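What follows is a single structure, written as structure tokens, with notes after it.
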Amino acid sequence: MRRGFLAIAAALAVLALISAPTACYLSRGAWEEAKILSRRQPISELVADPRTPKEAREKLKVVLAARQYAKDSLKLRTKDSFTTYSRLDHDTLVLVVSAAYRDTLKPYTWWFPIVGRVPYKGYFDFDAARRVAKDLAADGFDVYVRPSDAFSTLGFFNDPLLNTTLKGDSIGLANTVIHELTHNTFYASGQAPFNESFAMFVGARGSAAFFRSRGQSLAAAKLDAEWEDDKVLARFWSRVIKSLDSAYAAHPSDKAARIAARDTVYIRTRAALVGEIAPQLKTINPRYAERVPLDNASLLARRVYASDLDVFDQIYEKEGRDLKRTIGRVIGLAKANPKAPFAALRKWVGISPDSVRAF
């Protein structure tokens with residue numbers, strides 16, 4: 001859940017006069033992006049500089065290599081992204097705020113030009129993020145606040161690598177680079193779950209293929225295992241969502257009853273996470289099942305990054321496990337049905353819309 005978000009503020013600062021609140025938000029984003037861009041240093045120079053710590057130098061080499069692999073082998077749109085490095089004044093890039101209604105499975109959304117409606121909003125101003133979260137909670141919404149250490153400007157700028165991202169290991173770095181370059185390559189307006197889930201797939205499969213091409217089979221195997229865990233959880237969250245939909249539908253006109261029913265679903269969800277799902281996970285600490293927040297905001301935030309992950313793998317199999325062809329196929333299908341890209345993907349592989357079972 002520390003995966004990057006879309007830095008729409010920086011890319012669209014010229015439209016800041018739309019409204020006063022939006023103007024403040026976009027202006028702050030533009031200022032922070034300007035600082036990031038002004039501090040860029042070529043990664044190649046840092047790698048060649050003997051003063052660069054050895055561990056950092058090796059990670060930076062992986063970033064350059066993963067970027068080149070994405071460009072040459074996956075045909076992602078790289079431009080000059082991840083050829084430079086910027087150091088922030090702090091260890092967290094942004095706080096991302098998500099919110100959802102409590103009596104229905106519906107996210108609170110924000111609208112921005114070009115990218116459309118998105119179910120999250122990233123804040124460089126941490127106090128502002130906390131104020132917004134507090135206000136949303138006071139208005140009766142479930143609220144989820146989390147850090148993010150990377151973002152994409154969708155190719156508007158040549159995104160640098162940040163120190164907040166570099167603190168991860170080489171496996172995670174390669175995944176993040178390919179994930180963010182997927183956003184640069186294709187973005188379906190107003191379809192955040194599709195965009196993020198697609199990038200999750202390309203990041204996972206692409207980084208595993210990258211390490212495999214370098215003869216680093218253990219790193220590739222770890223990424224494969226992480227992806228399998230992601231799919232296990234994605235299937236589970238789909239079951240939870242179906243259970244919540246059924247619980248809400250059983251009480252169409254009684255808000256209190258709908259909220260009570262949803263609380264019962266989350267009690268069952270916790271028990272299933274601990275007893276059923278945790279034993280299946282290979283790369284995630286079992287304590288995750290005991291501690292992960294369970295409410296509508298956190299559930300829908302997770303689903304932004306974990307919607308129909310299996311369908312991407314099914315397309316991957318149909319394309320002979322050729323990732324470049326799979327990426328092209330997914331983008332083509334999404335372009336053909338821009339208002340319902342997942343429906344286009346499911347139809348192509350023959351998945352029934354009612355295939356998910358509830359608890």
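The values are calculated or read from the model by the stated rules, or taken from the named source; none is laboratory data. Because the structure is predicted, anything quoted here is derived from the model rather than measured. Using ideal geometry, Cβ is built from the backbone for each residue, glycine included, and neighbour counts are taken over all protein chains shown. For the accessible areas, the whole protein counts, side chains as well, though only heavy atoms, and no ligand, DNA or RNA atoms are used. Shrake-Rupley method; radii C 1.70, N 1.55, O 1.52, S 1.80 Å.
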Problem - Scan of segment 274-305 for residues that are touching a residue at least 40 places away in the same chain (Cβ under 8 Å) and either of a type in the set (S, T, N, Q) or within 17 Å of residue 245 (Cβ to Cβ) (or both), ordered by number - result: 280, 283, 295, 296, 297, 298, 299, 300, 302, 303
Exercise for the section: Answer yes if at least one residue in segment 271-289 is of a type in the set (Asp, Glu), at pLDDT 95 or above and closer than 27 Å to residue 119 by Cα, and no otherwise. Expected result: no
Problem - Checking residue 264 against (1) more than 22 Å from residue 120 (Cβ to Cβ); (2) polar (S, T, N, Q); (3) in a loop (DSSP other than H, G, I, E, B), the condition it does not meet - result: (3)
Practice task
Assess whether residue 247 counts as being part of a helix (DSSP H, G or I) and farther than 24 Å from residue 307 by Cα.
Solution key: no
Exercise for the section: Would you mind stating whether residue 221 is more than 25 Å from residue 193 (Cα to Cα), modelled with pLDDT of 95 or more and not hydroxyl-bearing (Ser, Thr, Tyr)? Expected result: yes
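Listed here are the residues, each with its yes/no results for (1) more than 30 Å from residue 282 (Cβ to Cβ); (2) open to solvent by less than 20 Å² (accessible area, probe 1.4 Å).
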site	(1), (2)
162	no, yes
169	no, no
204	no, yes
236	no, yes
243	no, yes
258	yes, no
Practice task
Pull up segment 129-146, narrow it to residues that are touching a residue at least 40 places away in the same chain (Cβ under 8 Å) and of a type outside the set (Ser, Thr, Tyr), then point me to the one that is nearest to residue 262 (Cα to Cα).
Solution key: 142
Handout entry: Number of the exception - residue 282 against (1) within 19 Å of residue 309 (Cα to Cα); (2) open to solvent by 70 Å² or more (accessible area, probe 1.4 Å); (3) assigned to a helix (DSSP H, G or I)
Key = (3)
Problem - Total residues in segment 43-92, condition of a type in the set (A, V, I, L, M, F, W, C) and free of Cβ contacts under 8 Å to residues at least 12 places away in the same chain - result: 1
Practice task
Being open to solvent by 30 Å² or more (accessible area, probe 1.4 Å) and on the phi > 0 side of the Ramachandran plot narrows it down to one of 332, 328, 275, 350, so name that one.
Solution key: 350
Practice task
Report yes if some residue within segment 215-223 is out of contact with any Gly (no Cβ under 7 Å at 6 or more places or on another chain), surrounded by fewer than 22 Cβ atoms within 10 Å (Cβ to Cβ), among the aliphatic types (A, V, I, L, M) and closer than 30 Å to residue 337 by Cα; otherwise report no.
Solution key: no
Completion exercise
Residue hits (segment 298-320; out of contact with any strand residue (DSSP E or B) (no Cβ under 8 Å at 6 or more places or on another chain), open to solvent by less than 30 Å² (accessible area, probe 1.4 Å) and polar (S, T, N, Q)) are 307
Practice task
Give me a count of the residues in segment 170-217 that are outside any helix (DSSP H, G or I) and free of Cβ contacts under 8 Å to residues at least 12 places away in the same chain.
Solution key: 2
Practice task
At least 3 residues that are touching a helix residue (DSSP H, G or I) at 6+ places or on another chain (Cβ under 9 Å) and farther than 24 Å from residue 72 by Cβ in each: list the helices (runs of 4 or more DSSP H) lying fully within segment 302-351 that qualify.
Solution key: 309-318, 341-349
